[in-house]
Amino acid sequence: MISKAWIDAHHPMVNHRLWGLTLLERNIRELHKLQVNEIVICTNHDLDPVKHFCHAPPKSLTLRVVRTDTSQRWGCLSTELENSPDPVLVLEGHAFNDRRVLKELLACRKAFGVVSPNGSTAASAAIVTAEVAPIFSHGDRSLTETIAAALSEEKLAKLDLSEFDPYIENLRRRIPPFLLLVEGEKQVREMDRLLRQQVHKGVLEFVAKYIHPPLEFGAVKLIAHTPISPNLITIIWLILAAIAVPLFATGHLLAGIILAVISGVLDGVDGKLARLTLRFSKTGDMLDHIGGTVYDAVWYLALGWYFSGGDPNSTGATFTFILFISYLVERVVPGIFRKMHKAEIHDYAAVDIFVRFVGSRMNNNIWLLLVGIVFGLARQTFYFISVWMLATATWHTLRLVYVTWRKRTGKPALIHSESR
C-alpha cells in the first residue's frame, strides 16, 4: 500500500475552515485514515497552514512542511520522488477529495492519474514515480492542470471511474465520485452540501429526516472547532439516557421524555461530529451502538412498568410485552436480511423506504410520546406505539420471507433503482 503523499498547499484556500477543519487539515486526516502515514506539505512562506489547524494531527503521522515559491514547487516534488523508493500520491491541498476516489487511486500501486468527473471545479490527483517526474515541468501550471494535460497527452495512465458505484450502503444514498477544487464561496457551499450528505443517511424515519438534522448540525457547528470530542458527547447522552430510566419507571414522564429527546439528538451529534472532524474512536462507536440498543429496550420496559403498575396481568403489561418482543424482532430481522441478501431492508425497494419513513422507530416513538404526554394522552400513546411497533416488525418479517422466496424461486424482487 502506498504510504506517502505530497500535497500542493500554495493556494490560500488551504486555510479555509469548514466544520472544524481547514481544507488542508481535512485532506491530511483523510489520507491518514487511508493508511498514508507520511505527508509532505509544499507551501509558500506566508500561509503557514499547520498553524491554522483546529486539532492536533494524529500522533502516528509523519508530517513535513517544505516552503517554496509557487514557481519552485515542482523542484520540491522532484526531490521527493527521487528520494522515495515507492510511488507517491500527489493532490491539491485546497481540494475537497473524495475518500473513495483516493482509495481507488492508492490501490493502483503505479503511476495513474484522475480528473474529477463531477463538481463545478474539477480537481486532479495522481500516483506518480520518478519516471514520470518530467511531466511536472511547466511552472505556470497548477497541479490539476499538469495532471489533466498529462492524461490528455497519454503521458500518464488514467484511472477509469466509468463503472464506479456511487451507492454508499451505510448511508443508504448515492453520491457520485468527486474531487472538488475549492476556490471561492460557490465551491464552499458545494463542499458543505457534500459533507452533509456524507454524514447523514439518505433513508430515514420522519423525525431523523426533518426534525433532528437542524438541531444536530447546529450543535456540531458550535463545537466542531473546540476540543470537545465525540466521545464526550456520547458519554453525556448515555448519562442522560440512564437518568431517564427511573424517571419513566416512577411516572415522571415529562422529565423523562425531555431527557430522552435530548439524548436522541446528542446520539446524532456525536456521530456527525466524529465524521465531520474525522475524529473516530472504536470505543466511542461501540458505546454509541450498544448504548442505543440497550437504552431503547430499557426505556420501553421502564415505561411499561409504570403503565402496568408492576402487574403482569394488566393491560399495560400486555402492551409492554407486545412492544418489547416486536422491538427485538426489529433489531434482528434487518441484520438477517443484510446477511442473506447483501442489502439493506430499509431501502431495498420504494415501499421499504416509505415504511422506514413512517415506521415505528425510537426517534419517531419518543417525539410522538412527547406529544402524547403534553396533551395528557401518555397511556394511549404508549399503547399505540406498541401496536405500531408490532405492525412494523411484522412488515419487515414478511419482507424478509417474501424477498428470500422470490430469489430462491428465480424471481428477484423489485429493487428501487433510484436508491441503488
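Would you mind stating whether Val101 is within 24 Å of Asp165 (Cα to Cα), in the same structural domain as Leu159 (by TED's automatic domain parsing), surrounded by 16 or more Cβ atoms within 10 Å (Cβ to Cβ) and in contact with a Ser or Thr (Cβ under 8 Å, 6 or more places away or on another chain)?
Against the criterion (within 24 Å of Asp165 (Cα to Cα), in the same structural domain as Leu159 (by TED's automatic domain parsing), surrounded by 16 or more Cβ atoms within 10 Å (Cβ to Cβ) and in contact with a Ser or Thr (Cβ under 8 Å, 6 or more places away or on another chain)), Val101 qualifies.
Would a scan of segment 258-268 turn up a residue that is at pLDDT 95 or above, under 21 Å from Leu18 (Cα atoms), in a helix (DSSP H, G or I) and under 20 Å from the mean Cα position of the chain (by Cα)?
yes
Could you check segment 140-166 and list, in sequence order, the residues that are under 29 Å from the mean Cα position of the chain (by Cα) and surrounded by 14 or more Cβ atoms within 10 Å (Cβ to Cβ)?
Once the filter is applied, which keeps residues that are under 29 Å from the mean Cα position of the chain (by Cα) and surrounded by 14 or more Cβ atoms within 10 Å (Cβ to Cβ), segment 140-166 yields Leu143, Thr144, Lys158, Leu159, Leu161, Phe164, Pro166.
Of (1) in the same structural domain as Asn15 (by TED's automatic domain parsing); (2) without any contact (Cβ under 8 Å) to a residue 40 or more places away in the chain; (3) over 30 Å from Ile353 (Cβ atoms), Ser142 satisfies all except one. Which?
Ser142 satisfies all of (1) in the same structural domain as Asn15 (by TED's automatic domain parsing); (2) without any contact (Cβ under 8 Å) to a residue 40 or more places away in the chain; (3) over 30 Å from Ile353 (Cβ atoms) except (2).
Can you pull out every residue in segment 14-46 that is among the aliphatic types (A, V, I, L, M), over 14 Å from Leu91 (Cβ atoms) and surrounded by fewer than 21 Cβ atoms within 10 Å (Cβ to Cβ)?
Leu18
How many of the residues in segment 183-200 are in a helix (DSSP H, G or I) and either over 14 Å from the mean Cα position of the chain (by Cα) or of a type in the set (A, V, I, L, M) (or both)?
Qualifying residue count for the region: 10.
Would you say Trp6 is among the hydrophobic types (A, V, I, L, M, F, W, C), touching a helix residue (DSSP H, G or I) at 6+ places or on another chain (Cβ under 6 Å) and closer than 16 Å to Val88 by Cα?
Taking the combined requirement at face value, the residue satisfies it.
Out of the residues in segment 125-139 meeting the condition of being within 34 Å of the chain's Cα centre (by Cα) and in contact (Cβ under 8 Å) with a residue 40 or more places away in the chain, tell me which one is surrounded by the most Cβ atoms within 10 Å (Cβ to Cβ).
Ala125
Restricting the search to segment 363-386, which residues are without any contact (Cβ under 8 Å) to a residue 24 or more places away in the chain and among the hydrophobic types (A, V, I, L, M, F, W, C)?
If the condition is that a residue be without any contact (Cβ under 8 Å) to a residue 24 or more places away in the chain and among the hydrophobic types (A, V, I, L, M, F, W, C), then Leu368, Val371, Phe375, Leu377, Phe384 are the ones that fit.
Could you tell me how many of the residues in segment 201-221 are out of contact with any strand residue (DSSP E or B) (no Cβ under 9 Å at 6 or more places or on another chain) and outside any helix (DSSP H, G or I)?
Residues in segment 201-221 being out of contact with any strand residue (DSSP E or B) (no Cβ under 9 Å at 6 or more places or on another chain) and outside any helix (DSSP H, G or I): 2 in total.
Residues of segment 11-52 being more than 17 Å from His225 (Cβ to Cβ), among the charged types (D, E, K, R) and in contact (Cβ under 8 Å) with a residue 24 or more places away in the chain, which ones?
Glu30, Lys33, Glu38
Take the residues in segment 106-118 that are surrounded by 21 or more Cβ atoms within 10 Å (Cβ to Cβ) and in contact with a helix residue (DSSP H, G or I) (Cβ under 7 Å, 6 or more places away or on another chain); name whichever of them is nearest to Leu180 (Cα to Cα).
Filtering segment 106-118 for residues that are surrounded by 21 or more Cβ atoms within 10 Å (Cβ to Cβ) and in contact with a helix residue (DSSP H, G or I) (Cβ under 7 Å, 6 or more places away or on another chain), the one nearest to Leu180 (Cα to Cα) comes out as Val114.
Is at least one residue of segment 278-285 modelled with pLDDT of 95 or more and surrounded by fewer than 21 Cβ atoms within 10 Å (Cβ to Cβ)?
Checked segment 278-285: at least one residue is modelled with pLDDT of 95 or more and surrounded by fewer than 21 Cβ atoms within 10 Å (Cβ to Cβ).
Suppose we filter Ile257, Ile233 for residues that are under 30 Å from Asn27 (Cα atoms) and of a type in the set (A, V, I, L, M, F, W, C); which single one remains?
Unique residue meeting the criteria: Ile233.
How many residues are surrounded by 21 or more Cβ atoms within 10 Å (Cβ to Cβ) and either assigned to a helix (DSSP H, G or I) or free of Cβ contacts under 8 Å to residues at least 24 places away in the same chain (or both) if we restrict to segment 334-362?
Selection size over segment 334-362: 7.
Can you tell me which residues in segment 202-213 are farther than 11 Å from Gly268 by Cα and either without any contact (Cβ under 8 Å) to a residue 12 or more places away in the chain or hydrophobic (A, V, I, L, M, F, W, C) (or both)?
Selection gives Val203, Leu204, Phe206, Val207, Tyr210, Ile211.
The values are calculated or read from the model by the stated rules, or taken from the named source; none is laboratory data. Not measured: the values here are computed from a predicted model. Reconstructed Cβ throughout: ideal geometry from the backbone, glycine too, with neighbour counts over all protein chains shown.
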